[in-house]
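A.B. asks: Got a structure for you, written out below as structure tokens; questions coming shortly.
The values are calculated or read from the model by the stated rules, or taken from the named source; none is laboratory data. Predicted, not measured: the structure shown is a model, and the values here were computed from it. Cβ placement follows ideal geometry from the backbone for every residue including glycine, while neighbour counts extend to all protein chains displayed.
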Amino acid sequence: MKEFFTASCDGDMLRLQWVPEVHITYQTAVRAARVLEGLSGGRALPLLVNLAGVAGLTPQARAGMNAYRGFSAVALIGDGAMGKVVAAFSKRALTPTAYFTSESEALTWLSEQGSRASAPREARQTEI
């Protein structure tokens, strides 16, 4: 199966990088969430998402991303119109979420959100 993203866990933070020109579908978003869950080891960690180059996002993927509660906070980094569109809809997310054009600002914001990593994920997770 072709992956449309790369995911990693750097200590106590998850990272998600979408490949250029990806059109994110519900199935792709679910796959990314499952990979991130595996990397987190059952902890609700902060997530840094790079949206640079994302070509599109289906309404179903957007709704699923907004409803998912497996992360303690989500920082979105973008550099174009699609990042701004995703950020606008993320205001409805159940998890603290913010949009940035600078990775350093995003990392600062994530560190300010504090860590809820010790809380069991099962108590807060919803299906995407």
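A.B. asks: In segment 77-106, how many are in a loop (DSSP other than H, G, I, E, B) and more than 16 Å from G53 (Cβ to Cβ)?
C.D. replies: Selection size over segment 77-106: 7.
A.B. asks: Of everything in segment 4-24, what is in a loop (DSSP other than H, G, I, E, B) and either in contact with a Ser or Thr (Cβ under 9 Å, 6 or more places away or on another chain) or surrounded by 17 or more Cβ atoms within 10 Å (Cβ to Cβ) (or both)? Give them in sequence order.
C.D. replies: Within segment 4-24, F4, D12, M13, V19, V22 qualify.
So that you can scan it fast, the table gives a plain yes or no per residue for (1) among the polar types (S, T, N, Q); (2) out of contact with any Gly (no Cβ under 6 Å at 6 or more places or on another chain); (3) crowded, with 22+ Cβ neighbours inside 10 Å:
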site	(1), (2), (3)
Y26	no, no, no
A29	no, no, yes
G42	no, yes, no
L48	no, yes, yes
L51	no, no, yes
G56	no, yes, no
G64	no, yes, no
A73	no, yes, yes
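A.B. asks: Evaluate segment 31-49: report whether one residue or more is of a type outside the set (V, I, T), in a loop (DSSP other than H, G, I, E, B), under 11 Å from the mean Cα position of the chain (by Cα) and at pLDDT 90 or above.
C.D. replies: Yes, segment 31-49 contains a residue that is of a type outside the set (V, I, T), in a loop (DSSP other than H, G, I, E, B), under 11 Å from the mean Cα position of the chain (by Cα) and at pLDDT 90 or above.
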